[in-house]
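Reading through the structure tokens given below for one structure.
Computed from the coordinates by the stated procedures, all read-outs in this text should not be read as laboratory data. A quick note: this is a predicted structure, and the numbers were derived from the prediction, not measured. For neighbour counting, all protein chains shown are included, and Cβ atoms are generated from backbone atoms with ideal geometry for every residue, glycine included.
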Amino acid sequence: MLFNSFEFIFLFVPIVFFIYFLLAKFNRKASRIWLVICSLFFYSYWKLEYLPLIVISIIINFTIGYFISQEKNKKILLMSGILFNLFLLGYYKYYDFIIENLNLFLEKKLPLLHLVLPLGISFFTFQQIAYLVDSYKGETKEYDFFDYALFVSFFPQLIAGPIVHHKEMMPQFESKENLKINYKNIAIGLFLFSIGLYKKVILADNLGIIADTGFNNPENIALFDAWLASLAFTFQIYFDFSGYSDMAVGLGRLFNIHIVWNFDSPFKTNNIQDLWRKWHITLSRFLRDYIYIPLGGSRVSKLRSYFNLFITFVIGGIWHGAGWTYIIWGALTGIGIILHKLWKDAGYNIRNNFFAITINFIYFHLGSVFFRSDSLKTAFEFLKGMFGFNQIILPESFKFLNLDNSIEYLNLGSKILNTIHADYGLYFLFAFIIAFLGKNSRELTEYFKPNIFYFIFTVFLFVTSVVNLLKISKFLYFNF
């Protein structure tokens, strides 16, 4: 079941909402059990056979966490829990990738399993690893099983995050005040959900058509088309994932649960480190707290801290997907942050100006080519096109220059725009304005007031999005 579907918006959410608060009036535990059941139904709606997977994962991690809190064999239990979670993630997500590479290097023909990746496994696995580590550090307490199950399975953030901490969620599930209907939270929740739905349906999905047109036909792609398709993808994934995160935060507010923000205008930053601090904030936080700092962080020599950064972001790349394109993408991110630190360590100050923001965005954008490409061949074909090593197509108005005969001329200077529709340029315009000039969802929420203006604005976003729900598309981060 998808957030951007009629059955979710008009059936699932209203039913879950009204029965939850009805039960909360009589029995707090019953309301939590109801929310757990609904969250597991939401998860299994996609593929029923993977329901036991998440249930077993929740039970085993809760049990290990419980015994860790009893101060018995803490280190052994922690390592067992981490290995269990990594095995689960590795088996479903990386088994075929490992076997493919072993077959390539060892010239073997080991069979592949062709497993379908369980939805949200990367997110709920990392979330539970964080819980076990925090239990080992003594930062958790003995929680009720249904509170823990709800912490892991809460449907707004189950499939694609944010990756939340127990200390951010558990107290909210235990609060009696949160069992009462809060009309301001409902207004904010609907406002945020509508923003996210608009980002997904109107911006991300339409930009995705441009991106797919280019990336599905990468051979000898022309200069303008390569930039057009790759930029379309960069904005697509931003609005797709930030849209999902807005919807998750909004859905949480309906139930009086404050889910942490996952984006904070990353494209307005002037360096790659700050960009990553504001892009997928909860993953960056996890990588910092549970990988970079345990490796030594910045407490070691500068050379070692740079190495720690590089390894951390390579792991971040691997977390996103089983493929060399993701590994290279993670490595490029790590290299970019290292270069930024070297620049700062040399005493240079990076000003927050147009030039710095543009360079930072372009670096991130070039890395996104690897993130989107289905193979290294596609990625390098795109980079060749972007740097002018393939054909060049110009508008017909440039013919008077009498340039090289190898140059093609089209009305719009782009095979992609001629193939789809020139009006798609409007989506680029909206994307640039919102990403670089507009206020983000967190900022808009701070200004929010339940008045007629915000009511009309919310209704406009919601109705415009629902009217365009003709083609249901999956969120990109469901692949990770």
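Side notes on the structure shown:
- Modelled label reach - LYS384, point 7 Å along Cα→Cβ, the range 189-218 residues with backbone N closer than 19 Å: 214-218
- Put a plus charge on the Cβ of each Lys and Arg, a minus charge on the Cβ of each Asp and Glu, and nothing anywhere else: the dipole of the chain about its Cα centre is then about 1280 debye.
- Taking the Cα centre of the range 43-96 as reference, the dipole from Cβ charges on Lys and Arg (+1) and Asp and Glu (-1) amounts to some 180 debye.
- Listed values for the range 347-358 are Karplus-derived 3J(HN,Hα) couplings in whole Hz (6.51 cos²θ - 1.76 cosθ + 1.60, θ = phi - 60°), namely x, 8, 9, 9, 7, 8, 10, 4, 5, 5, 5, 5, and x replaces Gly and Pro.
- Taking the average, over residues, of other Cβ atoms within 10 Å as the packing measure, peptides 20-29, 180-189, 361-370, 236-245 rank 236-245, 361-370, 180-189, 20-29 from highest down.
- In a simple Cβ point-charge model (Lys, Arg +1; Asp, Glu -1; nothing else charged), the range 6-180 has a dipole of about 320 debye relative to its Cα centre.
- The aspartates and glutamates within cross-link reach of LYS199, meaning a Cα-to-Cα straight distance under 20 Å and a gap of 8 or more places when in the same chain, are GLU7, ASP212, ASP240, ASP246, ASP264, ASP423, GLU443, GLU446.
- Dipole-positive endmost among ILE159, ILE9, VAL36 within the range 6-180 (Cβ charges, Cα centre): VAL36
- Helix axis angle, 324-345 relative to the chain longest principal axis, alpha carbon, degrees: 90
- Estimated FRET transfer efficiency when R0 is 30 angstrom, pair PHE478-SER175 (beta carbons, to 0.05): 0.50
- Karplus (6.51, -1.76, 1.60) ³J(HN,Hα), θ = phi - 60°, over the range 2-8, in Hz, Gly and Pro reported as x: 9, 4, 8, 9, 5, 5, 6
- Segment ASN217-TYR45, extension gain: residue separation times 0.36 nm, minus the distance between their alpha carbons: 58.6 nm
- Shape call, the range 194-271: gyration tensor on alpha carbons, a/c limit 1.5: prolate
- Options PHE448, TYR66, PHE370, ranked by Cα towards positive dipole end of the chain, top entry (Cβ charges): TYR66
- Contour minus Cα-Cα distance for PHE10 and PHE145 (0.36 nm per residue): 45.6 nm
- Projecting the Cα atoms of ALA211, PHE26, TRP279 onto the charge dipole of the chain, computed from C-beta unit charges around the Cα centre, puts PHE26 farthest toward the positive end.
- Between PHE354 and SER301, the FRET efficiency estimated from the beta carbon spacing at R0 = 35 angstrom works out to 0.45.
- From phi via Karplus (6.51, -1.76, 1.60), per-residue ³J(HN,Hα) for the range 431-448 in Hz, x at Gly/Pro: 4, 4, 5, 5, 6, 9, 10, x, 7, 7, 5, 4, 5, 5, 5, 5, 8, 4
- Label point 7 Å beyond Cα of LYS167 along Cβ direction - residues of the range 257-293 with amide nitrogen under 18 Å: 258-261, 282-293
- For a straight C-alpha distance cut-off of 26 angstrom, the lysines reachable from LYS302 (same-chain residues fewer than eight places away being disregarded) are LYS278, LYS341, LYS344.
- The label-point distance for ASN418 and LYS439, in a model that sets each label 7 Å from Cα toward Cβ, rounds to 4.4 nm.
- Relative contact order computed over the chain (Cα-Cα under 8 Å; 6+ residues apart), in percent: 18
- Mean separation of Cα contacts under 8 Å (6+ apart) over length of the range 6-180, as relative contact order %: 29
- Axis angle, to the nearest 10 degrees, between helix 452-467 and the longest C-alpha principal axis of the chain: 70 degrees.
- Amide hydrogen neighbours beyond the local backbone of PHE263, cut-off 5 Å, H modeled: ILE281
- Ellipticity estimate at 222 nm from DSSP helix runs (n ≥ 4, -39,500 (n - 2.57)) divided over the chain, nearest 500: -20000 deg cm²/dmol
- Mean projected area (nm²) of the alpha-carbon convex hull when the range 6-180 is viewed from all directions: 12.1
- Angle between the chain longest axis and helix 183-198 axis [Cα atoms, degrees, rounded to 10]: 30
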